[in-house]
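S.K.: Mind looking over this structure? Questions follow.
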Amino acid sequence: MKYQPISKDKNGLDIFGIGIYWDDVEIGYRFRTLGRTITEADITMFVGATGMVEEMFTNVEYVSEVSVIGSRPAPGSLVFCIAEGLLMQSTMQRTGMAFLEADLKIHGPTTAGDTIHVECEVVEARATSKEGRGLLRTANKVINQRGVVVATYNPLRMVKSRPQQQ
């Protein structure tokens, strides 16, 4: 693996936090994100912004009396979005060009107070027909604080090539 996350600004200062270039990783490379706790506020704001006003997301009395989950669930799409946010922060800054596709599976509930992280394995990394970009696919597992896989997905992204050194 030749991944080098440091770039230089116009004054020659190191820039930290640059994402992964497709040609810096090899198939089989594995990594994980930091964790993030999903809060009641996250669920409330997401449900309000998207209009997902299903009672199991908006009525805590219903959840406590009727739901088999027992606590306030997060919509699976919110779990996916938070997982993508964790990846944006660590792997795609200034290198990601497009999210092209993914198959998403929700394996179990995520509830308010759960902390998730994403474990990824590179399963495809190849050049496109246009210079300066490639395709990068990862197999992603969203895992909670108990070690349970709550979601899996396999995004295909268009990602920049590492700039040639001059």
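The values are calculated or read from the model by the stated rules, or taken from the named source; none is laboratory data. Just so we're clear, the structure is a prediction, and the values are computed from it rather than from any experiment. Reconstructed Cβ throughout: ideal geometry from the backbone, glycine too, with neighbour counts over all protein chains shown.
S.K.: Of the residues R126, R157, which is at pLDDT 95 or above, within 15 Å of the chain's Cα centre (by Cα) and under 18 Å from I27 (Cβ atoms)? It would help to see each step written out before you state the result.
M.R.: Working: R126 fails: within 15 Å of the chain's Cα centre (by Cα).
Every option except R157 fails the conditions.
S.K.: Okay, next question. Quick one: is S67 under 27 Å from E40 (Cα atoms), surrounded by fewer than 16 Cβ atoms within 10 Å (Cβ to Cβ), at pLDDT below 95 and in contact with a helix residue (DSSP H, G or I) (Cβ under 8 Å, 6 or more places away or on another chain)? Steps first, answer last, please.
M.R.: On the way: under 27 Å from E40 (Cα atoms): yes; surrounded by fewer than 16 Cβ atoms within 10 Å (Cβ to Cβ): no; at pLDDT below 95: yes; in contact with a helix residue (DSSP H, G or I) (Cβ under 8 Å, 6 or more places away or on another chain): yes.
For S67, the condition - under 27 Å from E40 (Cα atoms), surrounded by fewer than 16 Cβ atoms within 10 Å (Cβ to Cβ), at pLDDT below 95 and in contact with a helix residue (DSSP H, G or I) (Cβ under 8 Å, 6 or more places away or on another chain) - is not met.
S.K.: Can you pull out the residues in the range 24-56 that are more than 30 Å from R137 (Cβ to Cβ), touching a helix residue (DSSP H, G or I) at 6+ places or on another chain (Cβ under 9 Å), assigned to a loop (DSSP other than H, G, I, E, B) and modelled with pLDDT of 95 or more?
M.R.: Once the filter is applied, which keeps residues that are more than 30 Å from R137 (Cβ to Cβ), touching a helix residue (DSSP H, G or I) at 6+ places or on another chain (Cβ under 9 Å), assigned to a loop (DSSP other than H, G, I, E, B) and modelled with pLDDT of 95 or more, the range 24-56 yields nothing.
S.K.: List every residue pair whose Cβ atoms lie under 6 Å apart, where the two residues are 6 or more positions apart in sequence or sit on different chains, the first residue falls within the range 70-81 and is within 11 Å of T111 (Cβ to Cβ), and the second residue, located anywhere, is modelled with pLDDT of 95 or more and among the polar types (S, T, N, Q).
M.R.: S71/T111; R72/T111; P73/T111; A74/T110; V79/T110
S.K.: Moving to a separate point now. Output the residue which, of all residues in the range 110-160 that are without any contact (Cβ under 8 Å) to a residue 24 or more places away in the chain and in a strand (DSSP E or B), is farthest from M97 (Cα to Cα).
M.R.: Taking the candidates together, the pick is K141.
S.K.: Yes or no: T138 farther than 14 Å from I38 by Cβ, hydroxyl-bearing (S, T, Y) and more than 10 Å from the chain's Cα centre (by Cα)?
M.R.: For T138, the condition - farther than 14 Å from I38 by Cβ, hydroxyl-bearing (S, T, Y) and more than 10 Å from the chain's Cα centre (by Cα) - is met.
S.K.: For the range 87-94, check the following and say yes or no: at least one residue is of a type outside the set (A, V, I, L, M, F, W, C), closer than 25 Å to M158 by Cβ, part of a loop (DSSP other than H, G, I, E, B) and out of contact with any Cys (no Cβ under 9 Å at 6 or more places or on another chain). Write out each step before concluding.
M.R.: Let us first name the residues in the range 87-94 that are of a type outside the set (A, V, I, L, M, F, W, C), namely 89-91, 93-94.
Narrowing the set further to residues that are closer than 25 Å to M158 by Cβ leaves 89-91, 93-94.
Now drop any that are not part of a loop (DSSP other than H, G, I, E, B), which leaves 93-94.
In the following step, the residues that additionally are out of contact with any Cys (no Cβ under 9 Å at 6 or more places or on another chain) were identified as 93-94.
Yes, because at least one residue in the range 87-94 is of a type outside the set (A, V, I, L, M, F, W, C), closer than 25 Å to M158 by Cβ, part of a loop (DSSP other than H, G, I, E, B) and out of contact with any Cys (no Cβ under 9 Å at 6 or more places or on another chain).
S.K.: A follow-up question, please. Could you identify the single residue in I27, I43, I82 that is closer than 19 Å to E119 by Cβ and buried (at least 17 other Cβ atoms within 10 Å of the Cβ)?
M.R.: I82
S.K.: Can you tell me which residue among L104, L34, L100 is over 18 Å from H117 (Cα atoms) and among the aliphatic types (A, V, I, L, M)?
M.R.: L100
S.K.: Just name the residue that is farthest from I18 (Cα to Cα) out of those in the range 110-166 that are surrounded by 15 or more Cβ atoms within 10 Å (Cβ to Cβ) and of a type in the set (S, T, Y).
M.R.: T111
S.K.: For residues that are touching a residue at least 12 places away in the same chain (Cβ under 8 Å) and in a helix (DSSP H, G or I), tally how many sit in the range 59-69. Show your work before the answer.
M.R.: So in the range 59-69, the residues touching a residue at least 12 places away in the same chain (Cβ under 8 Å) come out as 60, 69.
Within this subset, residues satisfying the condition of being in a helix (DSSP H, G or I) are 60.
Qualifying residue count for the region: 1.
S.K.: Let me ask something additional. Within the range 9-23, identify whether any single residue is under 23 Å from N144 (Cβ atoms) and at pLDDT 90 or above, and answer yes or no. Please lay out each step first, then the result.
M.R.: So in the range 9-23, the residues under 23 Å from N144 (Cβ atoms) come out as none.
No: zero hits.
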